[in-house]
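Report on one structure; see the data block that follows.
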Amino acid sequence: MQSLSQLSPGASPIFLDTSVLINLIAADSIAEMGLALGRPLSVESFVVSELRRDPRDGSDPTGLLKQLVATGALSISTLGEKQMEHFIRLVGAPSPDDLGDGEAATIVCSLEHGFAAIDERKALRIVGRDYRKLCVLTTLDLLCSQQAFHHWGEEEIRKRVMSALQIGRMRVPYSWKPWVEKLTGSVI
């Protein structure tokens, strides 16, 4: 099955927003995703603070995050002073352009170091308007990339997408709906 994913081969890190992190955990994909994509995965400490429970069972996610960091599947970054100024501008913007902490931190980190993975519509709108050179991906770009298909195979991708939809409540962008419906055999 040909993927719609925007992710091309490379080694630049991918910074995950909270919603993407939740979806990848729900899909049981976070531990292997960096290996499957051949890229390091990172979250900023504001994203860590927004993850309040493991979406699979409601438990405290602290142990899972520690395990992911210990195995090298995920790294946690912290904004520097200059990045913090940019972050404050994004979260303090007037409505409707103000962003949540996780989205803002993800954008700021990815500006210097790599790709941003964000599912939230408002953040995607702001990136499209203000950061056109930034490569922004969604959960589906990661889960359904050619690299992930090569690593897991179509049936396993189907199961993982279903888990992200059902457990993580993954948002499906309009452009992906027919593709996801074909993959899962379900109407979205």
Seminar exercise, completed: In the range 22-44, residues that are of a type in the set (S, T, N, Q) and outside any helix (DSSP H, G or I) total 2
Exercise. Is it true that some residue in the range 27-39 is over 28 Å from Gly185 (Cβ atoms), at pLDDT 95 or above and in contact with a helix residue (DSSP H, G or I) (Cβ under 7 Å, 6 or more places away or on another chain)?
Worked result: no
For this session: May I ask you to say which residue of Lys133, Lys122 is surrounded by 14 or more Cβ atoms within 10 Å (Cβ to Cβ) and among the basic types (Lys, Arg)?
Result: Lys122
Exercise. Looking at the range 82-123, which of the residues that are in contact (Cβ under 8 Å) with a residue 60 or more places away in the chain and acidic (Asp, Glu) is farthest from Arg39 (Cα to Cα)?
Worked result: Glu120
Exercise. Counting only residues that are free of Cβ contacts under 8 Å to residues at least 40 places away in the same chain, touching a Leu at 6+ places or on another chain (Cβ under 9 Å) and not charged (D, E, K, R), how many does the range 150-161 have?
Worked result: 1
Exercise. Do the conditions hold for Arg89, that is, is it within 18 Å of the chain's Cα centre (by Cα) and among the basic types (Lys, Arg)?
Worked result: no
Exercise. If we scan the range 153-167, do we find a residue that is assigned to a helix (DSSP H, G or I), touching a helix residue (DSSP H, G or I) at 6+ places or on another chain (Cβ under 7 Å), closer than 20 Å to Leu51 by Cβ and not basic (Lys, Arg)?
Worked result: yes
For this session: Go over the candidates Ser95, Ser110, Ser75 one by one and state the one that is of a type in the set (S, T, N, Q), surrounded by fewer than 17 Cβ atoms within 10 Å (Cβ to Cβ) and either in contact with a strand residue (DSSP E or B) (Cβ under 7 Å, 6 or more places away or on another chain) or under 28 Å from Ser145 (Cβ atoms) (or both).
Result: Ser75
Problem set entry | Candidate set: the range 136-165, residues that are more than 12 Å from Ser29 (Cα to Cα) and in contact with a strand residue (DSSP E or B) (Cβ under 9 Å, 6 or more places away or on another chain); chosen: the one surrounded by the most Cβ atoms within 10 Å (Cβ to Cβ) | Thr138
For this session: Please specify each residue of the range 129-150 satisfying the condition of being farther than 20 Å from Leu165 by Cβ and either among the polar types (S, T, N, Q) or assigned to a helix (DSSP H, G or I) (or both).
Result: Arg129, Asp130, Gln146, Gln147, His150
Problem set entry | Candidate set from the range 13-59 (those that are farther than 19 Å from Ala104 by Cα and hydroxyl-bearing (Ser, Thr, Tyr)); member that is surrounded by the most Cβ atoms within 10 Å (Cβ to Cβ) | Ser29
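The values are calculated or read from the model by the stated rules, or taken from the named source; none is laboratory data. Here the structure is a predicted model, which is why all the values come from computation and not from measurement. FYI the Cβ positions are ideal-geometry reconstructions off the backbone, even for glycines, and counts take in every protein chain you see.
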